[in-house]
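The block underneath contains the structure these notes are about, expressed in structure tokens.
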Amino acid sequence: MSNKIIRLLKEKKLTTYILKANNKMKVQLHVSHKPHISHKIGDVSTQESRALIDILEREDLFEKVVFGNTVACPYCESIDLVINIRCPKCRSLEVEREFVLEHAKCGMVFPAKNLKIFNCPRCGRDIKPDKELRIIGSIFRCPSCGTSFESPDIDLHCNTCDKDFSIREAEIKKIYTYQFREKAEEILDLLYVYSRIYSEIEKLGVKVYLPGTINGESGVKHEFPLVLRAGNDKCLIIDLGGLVSSIDLDGLIRDYIKILDTPQCRYLYVAKDENVNPEIQIPSKLKDYISLIIVKDIDEAIDKVKEYINNLIGEKKR
Ligand SMILES: [Zn+2]
Ligand SMILES: [Zn+2]
Ligand SMILES: [Zn+2]
């Protein structure tokens, strides 16, 4: 006995614990599956991803889709549950399952407690369990009362609120994920194009806003996706919509009033050649304010926009 005590006392971790503990040592079982549903976008944190999803959902670019469902606690909705398999007759937890398996190569049938079988007990050949074993049946057995049954009772314990309930009482919780709506693609493409050109313009050392506000002559404030200011008197509105979709007359007409109300600005319209419909003419009244740049791709757009801005700044200096 004293030898044992000495051996135990030599165990520093144990001694430290006993010196600190004021109660008798007792093991508390804690089983946690730690299920946690969250969504992530790229490298940003789940919290930031959540904020992004909320924006995209609000703007109707994302749609919620059911990914699957799970059982949750009916009292607190937690999905951190322990699943207990019980005998339906005597409620014992000592439930065992037995499979009836067939070895595909020899056709023999045999019972097994699990599927980790690498040798056929009948013909002795090697088995690849996932490929050569066929499950013919499975049965549960209770060693406590000797009953066999096809499906056990499933009881659940909530790790969050500590309550117990059966699978019949459990709540079914849907797990959602998000996917972009079809129309979202074009909008996202455009956002990327704007941000790319914005960062390129920023390198030129001019004031650039994404988005920007301009005071109209009428006193109304107008917002544009990309606005550049050179000095106090000059501004440039850059419209990149034509890089991802065809220039539409509706859009031009909508912008018409805003453009006329902001004559202090040049309005630069950048479009891909394939998106320019030759039938759509810029209204002649607007021609004084609008410059149209037609490009093959985004790289050319960046070059041409930079060139345009450099000319604009140079013009000012002269
Ligand atoms: Zn039983
Ligand atoms: Zn066999
Ligand atoms: Zn609960």
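Table for the structure above
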{"item": "Per-residue ³J(HN,Hα) for region 288-301, Karplus 6.51 cos²θ - 1.76 cosθ + 1.60, θ = phi - 60°, Hz, x for Gly and Pro", "result": "5, 9, 9, 10, 10, 10, 10, 10, 8, 8, 5, 4, 5, 4"}
{"item": "Region 257-318: GluC sites (Glu not before Pro) in DSSP loop, at most 14 other beta carbons within 10 Å", "result": "Glu279"}
{"item": "Sparse-neighbour loop sites [trypsin sites (Lys or Arg not before Pro); region 228-293; at most 14 other C-beta within 10 Å; DSSP]", "result": "Lys287"}
{"item": "Degrees separating the helix 184-202 axis from the principal Cα axis of the chain, which is the longest one", "result": "60"}
{"item": "Average Cα contact separation per residue, the chain, under 8 Å, 6 or more apart, as relative contact order %", "result": "13"}
{"item": "Folded to 0 to 90 degrees: helix 249-261 orientation relative to the chain principal axis, Cα", "result": "60"}
{"item": "Under 5 Å, built H, 5+ apart or other chain: amide partners of Ser144", "result": "none"}
{"item": "Amide H partners (placed H, <5 Å) of Ile127, local residues excluded", "result": "Asn119, Cys120"}
{"item": "Among the listed pairs Lys272/Lys304; Lys131/Lys174; Lys203/Lys304; Lys272/Lys306; Lys234/Lys258; Lys234/Lys285, those beyond 22 Å (Cα-Cα)", "result": "Lys131/Lys174"}
{"item": "Packing-based order for 137-148, 41-52, using average beta carbon neighbours within 10 Å, highest first", "result": "137-148, 41-52"}
{"item": "Helix 46-58 axis, angle to the chain major axis (alpha carbon atoms, nearest 10°)", "result": "60"}
{"item": "Rounded accessible area per residue of the chain, 1.4 Å, Å²", "result": "68"}
{"item": "Long-range amide H partners of Leu268 with built H, under 5 Å", "result": "Ile237, Ile238, Asp239, Ser291"}
{"item": "Net charge of neighbours whose Cβ lies under 12 Å from the Cβ of Leu188, counting Lys and Arg as +1 and Asp and Glu as -1", "result": "-3"}
{"item": "Only Lys, Arg (+1) and Asp, Glu (-1) charged, at Cβ; region 184-317 dipole about Cα centre in debye", "result": "720"}
{"item": "Heavy-atom accessible surface of region 74-169: percent carbon and sulfur, 1.4 Å", "result": "49"}
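The values are calculated or read from the model by the stated rules, or taken from the named source; none is laboratory data. Predicted, not measured: the structure shown is a model, and the values here were computed from it. Backbone-built Cβ (ideal geometry, glycine too); neighbour counts: all protein chains shown. These area figures cover heavy atoms from the full protein model, side chains too; ligands, DNA and RNA do not enter into them. Shrake-Rupley method; radii C 1.70, N 1.55, O 1.52, S 1.80 Å.
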